[in-house]
Amino acid sequence: MTLAELAFARGLPGESQRRYEQAADLAADAGHAAAALRYAAGAANCRHVGDDALRLHRAAADAAVRAGDRAGAAADLAQAAEMCRRGPGLMATAPAEGLADELLARGWALAGGSVAAEARLLTAEAFNGDDTDPVTAELAERAIVLARRADDPLAESAALDQFTSVQLARGELRGALASALRRTEVLAPVPVTAQSGLELSDALFMAAECATAAGDLRGARGLAERIRDLPFHREEGHLATARLIVVTALAGDWGEAVALAGQFREGWERAGRPRAGNLTRAAYAAATVHAMRGDDDARAAWLDIVDALATPGRPISSMHFNEFFDALLLLHRGQGGAALALLGTPPEQFRTWSSGMWRPWYAALWAEAAVVAGHPDAVARIRRARLATWDNPIAAAIVDRAEALASGRDGLIPAAAALAAAGCRYQWARTLVVIGGADRDRGEAALAAMGATVMAWPPG
């Protein structure tokens, strides 16, 4: 397996996967084949080719059974079941209905009291549950305890990931960020290999996204830069840049976002244009930045990429980031009524981890669009939006701006100061334009430096 290890170390996870599969075919016995197949599954996961990873986890379980390693097979089946719910964004095709339950039943039958296997199985059970169900949180917490007893940081990280999802679904953004950062600490001593690569990268992915959800753009940038610099992302530009594109788009660092988007597209096309629904946020952010800079043709091209990335059966509208980015563009262009019509789902209805990440950003524009469009419930929306934005200082400042516009009271200057302090250059500049006078000149100059088209204010 040395050649496969070298390929992974050089940043060639695709070649590494092929070599691990070859090693499994040539293995002297079933135990060695199972080990090679586990590493092949890990390499596939690192490439975000979840269909291959699912196949390889199941093949590893079969080999482990032949080798007499029932506990190892149970852990393999648990990871396959876990992928069915945890990794749909890595898959080109949705797993068959009921597959996760079937894999879990087989895994429990083989576990034989192994603490390590049971930690994995409990984690998979948690991922197979409803994020808003208290039982799911309980399963994740039990899995964390068992993984620590088994001294298995990869299993502990996976269980922490599910607990983070529960916190996001509940709207506990700061708690979710703390759990996500805990994952990175748990994994810090773990060497980078094909088997650990996805857990290492996913911990950073989730931490970056939780930081973004909590309005900590500087923290999110640091985490996204660590993702970019992972050695197995050297030849995978789409994986290296995805989270950084979102952060730079939100922050207003649009020249950098456009450059990163070019690297994303090049890497994705070199990889064969794979479906990977978890990358749609980056492509949508790139589309929006191009449109904010006046290039609607580029926006259309990037929305085609979004469609090519999206996981079948998992519409991006369920996560609501697309509505946020579209409303951002419409508000910039002075089309408050269109933004209001687009943002039709009350933020209180965001009850999944993936929509929970975007709840504060969406809620802020949901309130602002109501004010700009003169909606009769604008004041009530501001009050409701505060409940969804209290732990995101950027979203909270946008709501403050909306309240100042609705009431006619002074509040725009403090909102601008809060946005500047939080590192959100675009929303800071937008607020200066709204203030007017010399501040408007400063804001328009800042927007021009970003490459933005002239902001329509007052709205038409």
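The values are calculated or read from the model by the stated rules, or taken from the named source; none is laboratory data. The structure displayed is predicted, hence computed values, not measured ones. FYI the Cβ positions are ideal-geometry reconstructions off the backbone, even for glycines, and counts take in every protein chain you see. Accessible surface areas use protein heavy atoms only, side chains included; no ligands, DNA or RNA. Shrake-Rupley method; radii C 1.70, N 1.55, O 1.52, S 1.80 Å.
Magnitude of the charge dipole for the chain, about its Cα centre and with charges confined to Cβ atoms of Lys, Arg (+1) and Asp, Glu (-1), is about 620 debye. Relative to the longest principal axis of the Cα atoms of the chain, helix 30-46 runs at roughly 10 degrees.
Kirkwood hydrodynamic radius computed over region 405-460 comes to 11.4 Å, based on all pairs of distinct alpha carbons.
Per residue, how much accessible area does region 127-234 have with a 1.4 Å probe, in Å²? Per-residue accessible area for region 127-234 comes out at 37 Å². In region 220-264, Cα pairs under 8 Å separated by at least six residues give a relative contact order of 37 percent.
Summed over the residues of region 324-460 and divided among them, the accessible surface reaches 39 Å² per residue at a probe radius of 1.4 Å. Using a probe of 1.4 Å, the accessible surface attributed to THR2 totals some 90 Å² when neighbouring protein chains are kept in position. With the convex hull drawn over the C-alpha atoms of region 313-430, the volume per residue is 100 Å³.
The residues packed around PRO315, meaning those with a beta-carbon under 12 Å from its beta-carbon, carry a net charge of -1 if Lys and Arg are +1 and Asp and Glu are -1. The share of accessible area on the chain that comes from carbon and sulfur is 52 percent, using a 1.4 angstrom probe. Across region 303-309, coupling constants 3J(HN,Hα) worked out from phi with the 6.51/-1.76/1.60 Karplus curve, θ = phi - 60°, read 5, 5, 5, 4, 4, 6, 7 Hz, and Gly and Pro carry x.
For the chain, the longest principal axis of the Cα atoms and the long axis of helix 194-213 meet at an angle of about 20 degrees. Each helix, a run of at least 4 DSSP H residues, gives -39500 (n - 2.57); summed and divided by the residues of the chain, these come to -23500 deg cm²/dmol at 222 nm.
Near ASP29: Cβ cut-off under 12 Å, other residues only, Lys/Arg at +1 and Asp/Glu at -1. The net charge is 0. Where a ≥ b ≥ c are the square roots of the eigenvalues of the C-alpha gyration tensor, would you call region 49-144 rounded, which needs a/c under 1.5, or, failing that, prolate if a/b is larger than b/c, or oblate? Oblate, since a/c reaches 1.5 and b/c is not below a/b. Rounded, prolate or oblate: which fits region 185-304 when a ≥ b ≥ c are the square roots of the eigenvalues of the alpha-carbon gyration tensor, with rounded for a/c under 1.5 and prolate only if a/b beats b/c? The shape class here is oblate.
Between the C-alpha center of region 267-304 and that of region 360-428 there is a gap of 28 Å.
Matching the structure-derived Cα extents along the principal axes in Å against the labelled list (i) 69, 55, 46; (ii) 61, 54, 41; (iii) 78, 43, 36 gives the label (iii). Between region 44-92 and region 165-193, the C-alpha centres lie 22 angstrom from each other. Taking the C-alpha atoms only, the angle from helix 393-407 to the longest principal axis of the chain is near 30 degrees.
An oblate overall shape is assigned to region 305-360, the ratio a/c of its alpha-carbon gyration tensor axes (a ≥ b ≥ c) being 1.5 or greater and a/b not exceeding b/c. Scaled against the 2.2 N^0.38 Å expected of a compact globular protein of N residues, the Cα radius of gyration of region 127-246 reads 1.05. When Rg and the Kirkwood Rh are both derived from Cα coordinates, the Rg/Rh ratio for region 185-253 amounts to 0.98.
Solvent-accessible surface of region 1-52, taken per residue with a 1.4 Å probe and all protein chains present: 44 Å².
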